[in-house]
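Enquirer: Below you'll find the structure I mean.
The values are calculated or read from the model by the stated rules, or taken from the named source; none is laboratory data. This structure is a prediction, so every number in the text was calculated from the model and none was measured. Ideal geometry is used to build each Cβ from the backbone, glycine not excepted, and the neighbour counts take in all protein chains shown. In case anyone asks, the SASA skips ligands and DNA or RNA and just uses the protein heavy atoms, side chains included. Shrake-Rupley method; radii C 1.70, N 1.55, O 1.52, S 1.80 Å.
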Amino acid sequence: MSATPSLPSTDTRDARGATIPAGHAGEMRALVRDFDWGTTLLGPTSEWPISLRTIADLVLGSEIPMILLWGPELTQLYNEGYRQVIGVKHPRALGMATRECWPEVWHINGPVYERVLAGESVYFEDAVYPLLRAGVAEDVYLTISYSPVRDDVGAVAGVLVTLIETTARVRTQRMEAERETLLRELEVERARLEEVFRGAPSFMAIIRGPDHVFQLANDPYLQLVGKRDIIGRRVADAVPEVVEQGFIPILDHVLETGEPFVGRETPIMLEREGVLEQRYLDFVYQPLTEADGTRVGIVAHGSDVTEQAEARHEVERVNAELERSSAELRASERRLRDVFNQAPMAVAVLTGSEHVYTIVSPRYVETPGGGRQLLGRSVREAFPELEGQGFLEIMDRVYTSGKPYFHAERRVMLDRDGDGMAEEYFYNVGYQPLRNADGDVYALASVAYEVTEHVRARRELEAAREVAEAARLDAELANRAKSSFLATMSHELRTPLNAVAGYADLLLLGVRGDLQPGQREDVERIRRSGQYLLGLINDVLNFAKLDAGQVEYRMERVQIAPLLRGLEELIRPQVDAKGVRYAHGSCSDEYAVMADAEKLRQIVLNLLANAVKFTDAGGEVALTCQDGGSEVKISVRDTGRGIAASQLSRVFDPFVQVDRHLTPTSQQGVGLGLAISRDLAAGMGGRLEASSDEGAGSEFVLVLPRA
């Protein structure tokens, strides 16, 4: 920026040579000097005409608020005094066009600037300007002078504005004038107030001093207190009944604190014509103050609202009763609506002889409505498929006669899917006539409870019963045939086998003479084979009896310990022949079960025989028992080859032999031993469980209920 001409930074004197206080003229000079005037229409200060420099120096040196407007846009340059006038618009107002800076007063300044630029000086005293100098509009009073400023050739090039703010003085003068006016009006108002006081329709009284002495009371107040002589007397003496009612402390509080007291429908007992009466008052205790603010008394002002209060209390009482009744009615309605909406049956109200749906429960919309629109439609419109099924005629008859109708499992054809194909459904149907106060039928309550599934289930059950009965008869015939077969087989098979075994025993005893070693061995084989075959036949016959339900159980209390000890001598020959160890663990003599002793012995002996059969020489078979709470567990554990996990679930299936290829032919059976044992256990109310670790042995546990 070019150097500043004739605006020396050290100049601290105004145009008259007076010293400008530091931080004022010097601050604005520095601000003007550093401003980039090249960005304005005035151009750099180095190009300013002498007249502009001179007047600018004059403005900056003056303590009177001044602003210079120069050029076609009336660009602003102002001093420290004007800075106080311009407010928050400083410093951005420096170098700004005055119309842009003061748009809110352009309607005032615009015409003035036209006159001044034409060479005329303009002066206003105490003129009001609505300025936005603090961000909000405010009326500012100014004594202001607008003077034309000429350039070096004598042409008017700008406007010099000099001003003094007179806002405070103007406002003070106006306030004084307003005060005089108010005082005059106050005198008039006092006289009018006294007139109003005495003629006011509401009661009023003035009570002065800390003793609360009645100074003035209008006629309504005197009427309120029973026309007593109260003027000049203390409240406590003139109206003594209010003392115990707590009004004196209220007067004390208002006088001491200056806080008004407002009472709404305040109950008060007042003596009127020698009788205490209950009255209700709306009143205010307002502190009475002198001009200096001293509280000297209280103004009591209010109205007797006894009639209104009593009427309102009666209305409130009636309303409360109505509200209680309404609440009970609403609660009853909610309960009825809940029952209606949550009823398991479909319910609807059909109004008029056309049977128009006016109330429909959600279940009725679902079935039999099938989701169709029902409200506002007649039954004939909503269910055209009912035509010819007798329902419409029944509803007409109930509506006409007033006699209810009910039909259980009524067949109805409905088109629920809306595809034009009606399907068969069954409902318990009822129509109840609804009567008005005169006893005339005006609507029907329709109740429908779908029983389609029940009817179909009953039909299926009846069909199933017929099938079951036929099956039962077939089974009975089959059981009879099976029983006959078993009796025949028992005799036809066992008799010759017993004879074979008997003759073999006789030969071995030498009834035909001594046998040669080879002959003895052959006869021994015949005897063993006969016994083996007899065992197989016995297993088959026993399983058949179980399957036919022909096995009888003699349930009794059985002591476990002696029964298990007695099994050792029965299994010992097989144990010794196989070369395995037999371990019989301790079993408490207190353990007893409810069982058939013979069948219990048969199960455990079968488990021991299987364990010995599948345990190699040197292994071990162990028999133990243990307490299972309400049960007793009898365990047979071996260290044999075990059972594969994939085969464990099949060990109790009939005619199944796990790892048959690993069992010697002489030890093979028909696979019924475990199946028979399982069924015998179940027949005694117990169960048979199996577990195994392949390669490490198996364990079978017989569980029976404790006696």
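Enquirer: Residues being part of a helix (DSSP H, G or I) and open to solvent by 10 Å² or more (accessible area, probe 1.4 Å): count how many of those fall in the range 90-104.
Expert: 4
Enquirer: Consider only pairs whose beta carbons are under 6 Å apart and that are at least six residues apart or on different chains; among these, list those whose first residue lies in the range 607-618 and is of a type in the set (A, V, I, L, M, F, W, C) and whose second residue is surrounded by fewer than 18 Cβ atoms within 10 Å (Cβ to Cβ) and outside any helix (DSSP H, G or I).
Expert: Ala617/Gly579
Enquirer: Tell me which strands (runs of 3 or more DSSP E) are completely within the range 122-217 and hold 2 or more residues being open to solvent by 40 Å² or more (accessible area, probe 1.4 Å), or say none if there are none.
Expert: It comes to 122-131, 138-150, 156-165, 213-217.
Enquirer: Considering the range 227-253 alone, what residues qualify as being open to solvent by 70 Å² or more (accessible area, probe 1.4 Å) and on the phi > 0 side of the Ramachandran plot?
Expert: Result: Lys227, single match.
Enquirer: Report, by residue number, each residue of the range 631-653 that is modelled with pLDDT of 85 or more, open to solvent by 30 Å² or more (accessible area, probe 1.4 Å) and of a type in the set (Ser, Thr, Tyr).
Expert: Listed by number, the list holds a single entry, Thr639.
Enquirer: Could you tell me which of the residues Leu392, Leu414 is within 43 Å of the chain's Cα centre (by Cα), within 15 Å of Pro368 (Cβ to Cβ), among the aliphatic types (A, V, I, L, M) and surrounded by 15 or more Cβ atoms within 10 Å (Cβ to Cβ)?
Expert: Selected residue: Leu414, the only one of Leu392, Leu414 that is within 43 Å of the chain's Cα centre (by Cα), within 15 Å of Pro368 (Cβ to Cβ), among the aliphatic types (A, V, I, L, M) and surrounded by 15 or more Cβ atoms within 10 Å (Cβ to Cβ).
Enquirer: Further question: Would you mention how many residues in the range 323-382 are more than 35 Å from the chain's Cα centre (by Cα) and either closer than 18 Å to Asn428 by Cβ or not basic (Lys, Arg) (or both)?
Expert: 13
Enquirer: Does the range 254-277 contain at least one residue that is part of a helix (DSSP H, G or I), loosely packed, with under 12 Cβ neighbours inside 10 Å and modelled with pLDDT under 90?
Expert: no
Enquirer: How do the pairs read when you match residues in the range 572-593 that are in contact (Cβ under 8 Å) with a residue 60 or more places away in the chain and in a loop (DSSP other than H, G, I, E, B) with residues anywhere that are open to solvent by less than 40 Å² (accessible area, probe 1.4 Å) and of a type outside the set (Val, Ile, Thr), using Cβ under 8 Å and keeping only pairs 6 or more apart or on different chains?
Expert: Tyr591/Ala561; Tyr591/Cys625
Enquirer: Kindly establish whether Glu393 is without any contact (Cβ under 8 Å) to a residue 24 or more places away in the chain, farther than 16 Å from Ala346 by Cα and assigned to a helix (DSSP H, G or I).
Expert: Yes.
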